[in-house]
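Structure first, then comments.
The values are calculated or read from the model by the stated rules, or taken from the named source; none is laboratory data. Since we're looking at a predicted model, the values are computed, not measured. Backbone-built Cβ (ideal geometry, glycine too); neighbour counts: all protein chains shown. Side chains are part of the model used for accessible areas, which takes the heavy atoms of the whole protein and leaves out ligands, DNA and RNA. Shrake-Rupley method; radii C 1.70, N 1.55, O 1.52, S 1.80 Å.
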Amino acid sequence: MATSFAPRRAPNAVAVRALTLALVAVALPAPRPARADGGSYASVYGRVGCAADAVVTPSSTQELADAIKSHATAAKAAGAALKIRATHAVFHSSSSFPCVPPSPASPLPCALSGSCGRGVAVFTDRLAGVLGADAGRRRLRVQAGIKVAELLAECKRRGWAPPIGAGTTYGGLTLGGVLATNAHDSAYNGPSTLAHIVTELTWVDAAGTIHTSPRDSDDARALLGGIGLVGIIAEVEVALQGTTNATPHLSVTWHPDIGLYSTFTKEATGEASTGARLSPLATMQPFEAPLLDAALKAWDGDVNDVAGPVFGAVGCLSTFLTSPTASFISVPVGLPPLVGSVPGLAIPVSDGVGDANDMLGCSCGGLPCAWDNGGPAAVEPREFVIELSDLGGWIADTRRVYEQELKQGGGGKRCLLGFVMFQFGSGSDAWLATTSGMREPVHVITMLTKSRALSYSLPAKFGFVHDILEQMSLCKYGGRPHPGKNSERTFTHPGCPLADRYPQMGKLLEAQARYDPGLVFEPPLFARIKAREGFRLSPGCDLRKECFCSEDAHCAAGFSCVPSRAFPQFRACKPPALI
Ligand SMILES: Cc1cc2nc3c(=O)[nH]c(=O)nc-3n(C[C@H](O)[C@H](O)[C@H](O)COP(=O)(O)OP(=O)(O)OC[C@H]3O[C@@H](n4cnc5c(N)ncnc54)[C@H](O)[C@@H]3O)c2cc1C
């Protein structure tokens, strides 16, 4: 049964593409997409690279179990320490949790070299089917590598849907990755994650043993939000609804630089569908990619804001007009039958009615897309979970940071190509979930859009504002970082270790010892969290988001590491004109 929803938000939705594209119109080739190559694999923007000695692509739970067993046997025979991580060919985490550690290159046999490892990446791209359905109970059984968008499409075909707020805005994520990171949408004190609709998990431990665990079990509490430490999730049973319950869904997108926010709500409605669907800047026409590429390069390349008076006006205007992009909805354009439809062409609307599944998540499919499928933009998210009671203080502090950090060096009004977003949820009983044991969790998210091509050599323009907010959220507010949206340094800040922020960490470690005593599934980044090991400083480490700078050498060339004006205890890399 189709269900319709009426999202509501402030009436300031205008297509961001038209405005961003107006900046500079020079045709440049779009960067190549990140992709898996042999044993190398990388994150979607290519910023995190991993190297495995072997990649396995099982298509069934049994194949996964057999692969783990045979690699365990081979590693044991060779005297090598085995490491296995589950992910997919192009992953969306912005940290190295999906990576196996690099194996030390040595011509000697393991017994002689003394430091021998074997890293195996499990790609779930072929573990992505629908296994069955129970129509009477509206249950679906799927493999964990299925993309959220495909899961929602299957629900739509059957007239079912998850509750409002339980999806992920971006449907290109895998169900396994979403469950392992507690990825979410928004529902205040309600079902804000797909973990809420899980009824059973089938998973494989480090010995290759297959388990099936109900949602209300300690094993499920170890697996959900557990970044794959205890086992690899292979199959998931979810409970759907015929007509989706109206949960208290609200996302708030805030632009402190222009003093505006917009809200996005979804609610059940009896109105007929107008074909509206989520589409936060998803698809593009082919000619748009080189234009956006050039515009982003011009924006990020102007590090000292020399073109401030021009760019400032254009940047702030485009920020104003695109302020609801994080919750963008649009209606596909209907063209005369002879012309046919133009894929990806749609009109943004501020109010619309659409199928529940189309409102729960979106993806670019195979079409060109601004920030996916090799598009020219990279998204730089950071996200922390804090208690609602701390939100007022966080907002006041964030306003202060925006006000004080953007003023330096004169110039006109400055705006970021990004926004702050608040999403809401409920406390989780899962042991390592970001919301574990919380009363009224709020996800505070800061987002920047930047040139994918320049992201290796330059930080995002005015990115130091969000660098300071990142330290503030982590150290002043004790926020718990989203494992898929933060960087190496967020998890290893020497002054603000994370291990004690999860009240059930002890239980998680017990489960790890039971199901993975050899720490086969433990990625190096989690080992450092456990050991409270701080990041190491090296030239350029702040640019690579491996550290927070303490001297200029840690910044991009030409940038200086200076104390924040609003919070001098935090330092950030700034260009000369903005110090
Ligand atoms: C464009 C984009 C959009 C995003 N949208 C959202 C959003 O709407 N909401 C949100 O909360 N986050 C979002 N994220 C953040 C984040 O990357 C994802 O939440 C998360 O990492 C899932 O992405 P993935 O499927 O690529 O998983 P991966 O990055 O591949 O994996 C995430 C973690 O889970 C582990 N894992 C993966 N599969 C399994 C499995 N089967 N069993 C056990 N462990 C497993 C991996 O080893 C890794 O540690 C987005 C990121 C990007 C780049």
**Request:** Mind checking the full-extension length gain between Ala553 and Leu367? Use 0.36 nm per residue of separation minus the Cα-Cα distance, one decimal, nm.
**Result:** 62.9 nm
**Complete:** 1/(1 + (r/R0)^6) with r = Cβ-Cβ of Asp218 and Ala577, R0 = 41 Å, i.e. FRET efficiency to nearest 0.05, evaluates to 0.15
**Message:** Taking a virtual spin label 7 Å from the Cα of Ser60 along the C-beta vector, which residues in the range 198-220 bring their backbone nitrogen under 15 Å of it?
**Reply:** 210
**Request:** Can you send over the carbon and sulfur percentage of the accessible area for the range 537-579, probe radius 1.4 Å, protein chains only?
**Result:** 56
**Item:** Proximal charge balance of Pro441 [Cβ under 14 Å; K/R count +1, D/E count -1]
**Value:** -3
**Message:** Out of the total accessible area of the range 130-239 (probe 1.4 Å, heavy atoms of protein only), what percent is carbon and sulfur?
**Reply:** 48
**Item:** Protection proxy ranking of 560-569, 451-460 - average other beta-carbon atoms within 10 Å, highest first
**Value:** 451-460, 560-569
**Message:** At R0 = 30 Å, how high is the FRET efficiency between Lys476 and Asp302 if r is their beta carbon distance? Nearest 0.05 is fine.
**Reply:** 0.45
**Asked** Under unit Cβ charges (Lys, Arg +1; Asp, Glu -1), what dipole magnitude, rounded to 20 debye, does the range 130-239 have relative to its Cα centre?
**Response** 420
**Request:** Please list the non-local residues whose amide H lies under 5 Å from the amide H of Gly375, H modeled 1.01 Å from N, same-chain partners needing a gap of 5 or more.
**Result:** Cys369
**Net charge of neighbours whose Cβ lies under 10 Å from the Cβ of Lys156, counting Lys and Arg as +1 and Asp and Glu as -1** = -1
**Request:** Please give the FRET efficiency for Arg565 paired with Phe287, using the beta carbon to beta carbon distance and R0 = 51 Å, rounded to the nearest 0.05.
**Result:** 0.75
**Fill in**
Full extension between Arg399 and Thr263 adds, at 0.36 nm per residue less the Cα distance, a length in nm of 47.1 nm
**Request:** Per residue of the range 502-509, in order, report the coupling 6.51 cos²θ - 1.76 cosθ + 1.60 (Karplus, θ = phi - 60°) as ³J(HN,Hα) in whole Hz, putting x for Gly and Pro.
**Result:** 10, x, 9, 4, x, 5, 4, 5
**Prompt:** What nm distance separates the two modelled labels at Ile347 and Arg158, each placed 7 Å from Cα along Cα→Cβ?
**Reply:** 3.6
**Asked** Using the Cβ atoms and a cut-off under 14 Å, what net charge is assigned to the surroundings of Asp216, where Lys and Arg are +1 and Asp and Glu are -1?
**Response** -3
**Prompt:** In whole Hz, what ³J(HN,Hα) sequence does the range 198-212 give by Karplus (6.51, -1.76, 1.60; θ = phi - 60°), x for Gly and Pro?
**Reply:** 6, 10, 7, 10, 10, 8, 10, 8, 6, 8, x, 8, 8, 10, 10
**Prompt:** What nm distance separates the two modelled labels at Arg514 and Ala78, each placed 7 Å from Cα along Cα→Cβ?
**Reply:** 3.2
**Prompt:** Averaged per residue, what accessible surface does the range 437-539 expose to a 1.4 Å probe, in Å²?
**Reply:** 35
**Request:** Which order do the peptides 156-168, 381-393, 503-515 take when ranked by the mean count of other beta-carbon atoms within 10 Å per residue, highest first?
**Result:** 156-168, 381-393, 503-515
**Request:** Measure off 7 Å from each Cα along the Cα-to-Cβ vector at Lys69 and Thr209, then give the distance between these two points in nanometres to one decimal.
**Result:** 1.3
**Message:** With a 1.4 Å probe and all protein chains left in place, how much accessible area per residue does the range 130-239 have, in Å²?
**Reply:** 28
